[in-house]
Amino acid sequence: MQKKTYQDLLLKYHQEKGTVLTLLQDLQQEFGYIPEAAVFWLAAQTNIPASRFYGVTTYFKQFRLKPRGRHTVKICGGAACHVKGAVAISKRIRADLGLSAEDDTTADGLFTIESAGCAGVCNEAAVLSIDDQIYGGLTPDGAIKILTSRQGVG
Ligand code: FES
């Protein structure tokens, strides 16, 4: 099944005279991240070293090398939210979810935690969003209550 998808992407790459960048964008669109198996399969098929694929993925922030969780939590890191305790909120969320400094997705695959730029609702700082829903006026305890309420939902 996945190999069929890889083959379809490779065919598109050849037909449209794609680049490593466009191939990686299509891969991420298909899987939500860049699977290691896909990189090595495509590297072998195209005679492009896997290191070149990984060079592109690490240069552009848009690429993810790990699967994303079911819900994406974005903690606003803008100036107003920073002043209103965004760092403490981030630390509390990461600690409560058991995330190490290297991990951004929970072991159960429920949440991916990211920092984000200003969400545009600075008057509600501190702010986070879960998927497309924004929550404001947060404290560390308030943020944990919201995440807890989302566990088992959706
Ligand atoms: S700084 Fe957080 S919403 Fe603007």
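No lab work stands behind these numbers, since they all come straight from the coordinates. On a predicted model such as this, the values are computed, not experimentally measured, just so you know. Here the Cβ is made from the backbone with ideal geometry for all residues, glycine too, and neighbour counts use every protein chain on show.
Structural descriptor for the chain: relative contact order 20 percent, calculated from alpha carbon pairs under 8 angstrom and at least 6 residues apart. Ordering Leu9, Leu128 by the number of other Cβ atoms within 10 Å of each residue's own Cβ, fewest first, gives Leu9, Leu128.
In the neighborhood of Thr112, defined by Cβ-to-Cβ distances under 10 Å, what is the net charge if each Lys or Arg adds +1 and each Asp or Glu adds -1? Once all neighbours under 10 Å are counted, the net charge is +2. Note on Lys145: lysines with a C-alpha under 19 Å away, same-chain residues under 8 apart excluded, are Lys74, Lys84, Lys91. Shown in residue order for region 115-124 are the 3J(HN,Hα) couplings computed by the Karplus curve 6.51 cos²θ - 1.76 cosθ + 1.60 at θ = phi - 60°: 8, 9, x, 3, 7, x, 10, 4, 5, 9 Hz (x for Gly and Pro). DSSP beta bridges confined to the chain are antiparallel in about 55 percent of cases. Shown for the chain: cysteine residues without a partner Cβ closer than 4.7 Å, namely Cys118, Cys122. Taking other residues whose beta carbon is less than 11 angstrom from the beta carbon of Arg64, and scoring Lys, Arg as +1 and Asp, Glu as -1, yields +1. A crude spin-label estimate for the pair Ala44 and Gln15, with each label 7 Å from Cα along the Cβ direction, gives 2.4 nm. What the phi angles of region 27-36 give under the Karplus curve with 6.51, -1.76 and 1.60, with θ = phi - 60°, is a coupling list of 4, 5, 4, 6, 10, x, 6, 9, x, 4 Hz, glycine and proline written as x.
Each label point was placed 7 Å from the Cα along the Cα-to-Cβ direction; for Gln62 and Ala107 their separation is 3.5 nm.
Here the chain is scanned for trypsin sites (Lys or Arg not before Pro) in DSSP loops (not H, G, I, E, B) that have at most 13 other Cβ atoms within 10 Å, and the longest stretch holding none of them is 62-154.
Among the GluC sites (Glu not before Pro) in region 89-154, those placed in a DSSP loop whose Cβ has at most 11 other Cβ atoms within 10 Å are Glu102.
Amide hydrogen proximity for Gly69: with H placed 1.01 Å from N in the peptide plane, the residues at 5 or more positions away or on another chain lying under 5 Å are Thr112.
Extending 7 Å from the Cα toward the beta-carbon at both Asp96 and Thr22 defines two label points whose distance is 4.6 nm.
Excluding same-chain neighbours fewer than eight residues apart, the aspartates and glutamates reachable from Lys4 by a Cα-Cα span under 20 Å are Glu16, Asp26, Glu30, Glu36.
Over the residues of the chain, the helix contribution to mean residue ellipticity at 222 nm works out to -14500 deg cm²/dmol, using -39500 (n - 2.57) for each DSSP H run of at least 4.
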